[in-house]
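A.B. asks: Here it is, the structure, as structure tokens.
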Amino acid sequence: MSNTGNGWVVIAGLGPGNEALVTQEVRDAIADATDIVGYIPYVKRIAPRDGLTLHATDNRVEVDRATHALEMAAEGKRVVVVSSGDPGVFAMASAVFEALENNAESHPDWLNLDIKVLPGITAMLAAAAAIGAPLGHDFAAINLSDNLKPWSLIEKRLQLVGEAGLAMAFYNPRSKSRPHQFARALDILREACGADTLITFARDVTKPGQELLTVPLNDATPEMADMRTVVIVGNRDTRRVGNYVYTPRYAAED
């Protein structure tokens, strides 16, 4: 990313936590930035330096954060919006384009801003790699938080995806404010996927305290997950081989 004197926005994925998993493309954008915007824990991962301003904000203000980034870019600043994992997976890329659409009439010049999305390694893929290849066939990624969608819709999607025979990866499975919902999710999965289907709990994936636990759905309990856990549920063909879990690349007709 060269310094042309014109403002731009880069939406960058910082990966799941291990700094070695941040791409060089993202490192280059951060090195060229005048401003970093993001959720407090992610901004803390950026080393301070002269000429760089860090704008850390609390959670659940994604669109406000994105609007601020667009405002600064329109002023000629070089802005990197940071997310964990990949910015396009339940993260800031969608929020930036939502803010762009919301302001298209009042700030039509923003539509001409140079906006780039730089991919990162998601927690889902890092967790899958840590245990083998549980997402080796068709799969779905589902955010279990009901902050932006009703829980009834989440239940419906869990039921339908389970019945379709897809493996699943879950983000934000269980928080202190909604501890009961994951118990309900497990009940739905046992019915839709079968009690013997393997489920993996990957906590603090790629970090020094990484913990991996794989059990049949019948033995899974809500307490095995929290907001630092990525949960991966296999399909009926998912199996163990030694210390690994994988899902075959093939599937028979149902």
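The values are calculated or read from the model by the stated rules, or taken from the named source; none is laboratory data. Nothing here was measured: the structure is a model prediction, and the numbers come from that model. Here the Cβ is made from the backbone with ideal geometry for all residues, glycine too, and neighbour counts use every protein chain on show. Ligands, DNA and RNA are stripped out before the accessible areas are found, and what is left, the full protein with its side chains, is counted by its heavy atoms. Shrake-Rupley method; radii C 1.70, N 1.55, O 1.52, S 1.80 Å.
A.B. asks: How big is the dipole moment of segment 143-254 about its Cα centre under a simple scheme where the beta carbon of each Lys and Arg is +1, that of each Asp and Glu is -1, and everything else is neutral? Debye, nearest 20, please.
C.D. replies: For segment 143-254, the charge dipole is close to 380 debye.
A.B. asks: Now a separate question. Go through segment 104-117 residue by residue and turn each phi into a ³J(HN,Hα) via Karplus (6.51, -1.76, 1.60, θ = phi - 60°); whole Hz please, and just put x for glycine and proline.
C.D. replies: 4, 6, 7, 9, x, 5, 4, 5, 9, 5, 7, 10, 10, 10
A.B. asks: Still on this model: Less than 12 Å apart at the alpha-carbon level, and either on another chain or at least 8 residues along: which aspartates and glutamates does that give for Lys77?
C.D. replies: List returned: Asp32, Asp35, Asp114.
A.B. asks: Shifting gears a bit: If only Cα atoms are counted, what is the Rg of segment 75-123, and what is its Dmax, in Å?
C.D. replies: That works out to 12.0, 37 Å for Rg and Dmax.
A.B. asks: P(r) of segment 132-254 in 5 Å steps, Cα pairs, percent per bin?
C.D. replies: Histogramming segment 132-254 at 5 Å steps yields 2, 11, 23, 25, 21, 11, 5, 1, 0 percent.
A.B. asks: When the Kirkwood hydrodynamic radius is evaluated over all pairs of different C-alpha atoms of segment 195-254, what value in angstrom, to one decimal, is obtained?
C.D. replies: On the way: mean 1/r = 0.0799 Å⁻¹.
One decimal place: 12.5 Å for the Kirkwood radius.
A.B. asks: In whole angstrom, how far apart do the alpha carbon centroids of segment 84-113 and segment 163-242 sit?
C.D. replies: If you average the Cα positions of each part, the centres end up 32 Å apart.
A.B. asks: Could you give each residue of segment 241-249 its phi-based ³J(HN,Hα) in whole Hz, using Karplus coefficients 6.51, -1.76, 1.60 with θ = phi - 60°, and x for Gly or Pro?
C.D. replies: Along segment 241-249, the couplings run 9, x, 8, 10, 10, 8, 10, x, 6 Hz.
A.B. asks: Then there is this: Summing -39500 (n - 2.57) over the DSSP H runs of n ≥ 4 in the chain and dividing by its residue number, what mean residue ellipticity at 222 nm do you reach, to the nearest 500 deg cm²/dmol?
C.D. replies: On the way: 7 runs with 75 residues, N = 254.
The per-residue figure over the chain is -9000 deg cm²/dmol.
A.B. asks: Per residue of segment 215-225, what does 6.51 cos²θ - 1.76 cosθ + 1.60 with θ = phi - 60° give for ³J(HN,Hα)? Whole Hz please, x for Gly and Pro, Karplus curve as stated.
C.D. replies: Karplus-based 3J(HN,Hα) across segment 215-225 equals 9, x, 3, 5, 9, 6, 10, x, 5, 6, 10 Hz.
A.B. asks: Let me ask you something else. Based only on Cα atoms, what Rg/Rh ratio does segment 88-169 have, Rh being taken as Kirkwood's radius?
C.D. replies: Numbers: Rg = 17.0 Å, Rh = 15.6 Å.
Using Cα coordinates only, the ratio equals 1.09.
A.B. asks: For the chain, take every pair of Cα atoms, bin their distances at 10 Å starting from 0, and report each bin as a whole percent.
C.D. replies: 7, 29, 30, 21, 11, 2, 0
A.B. asks: Based on Cβ point charges of +1 for Lys and Arg and -1 for Asp and Glu, what charge dipole magnitude is obtained for segment 6-48 about its Cα centre, in debye rounded to the nearest 20? The partial results should precede the final answer.
C.D. replies: On the way: 3 positive and 5 negative charges, 37 e Å.
Here the size comes out at about 180 debye.
A.B. asks: Give me the lysines in straight-line cross-link reach of Lys149: C-alpha distance below 19 Å, same-chain residues under 8 apart excluded.
C.D. replies: Here the lysines satisfying the reach criterion relative to Lys149 are Lys176.
A.B. asks: Which value, in Å², gives the accessible area per residue of the chain when a 1.4 Å probe is used on the protein heavy atoms? Don't jump to the answer; show the numbers that get you there.
C.D. replies: Values: 12780 Å² over 254 residues.
Computed with neighbouring chains in place, this is 50 Å² per residue.
A.B. asks: Additional query: If you roll a 1.4 Å probe over the chain with all protein chains in place, what percent of the accessible area is carbon or sulfur? List each step's numbers first, then the result.
C.D. replies: On the way: 6340 of 12780 Å².
That share works out to 50 percent.
A.B. asks: From the square roots a ≥ b ≥ c of the eigenvalues of the alpha-carbon gyration tensor of segment 34-111, which class results: rounded (a/c under 1.5), prolate (a/b over b/c), or oblate? Walk me through the numbers before you get to the answer.
C.D. replies: Working: a/c = 2.22, a/b = 1.28, b/c = 1.73.
Oblate is the answer for segment 34-111, as a/c is 1.5 or above yet b/c matches or exceeds a/b.
A.B. asks: Scattering from the C-alpha atoms of segment 45-187 alone, worked out with Debye: what is log10 I(q)/I(0) at q = 0.22 1/Å?
C.D. replies: -1.37
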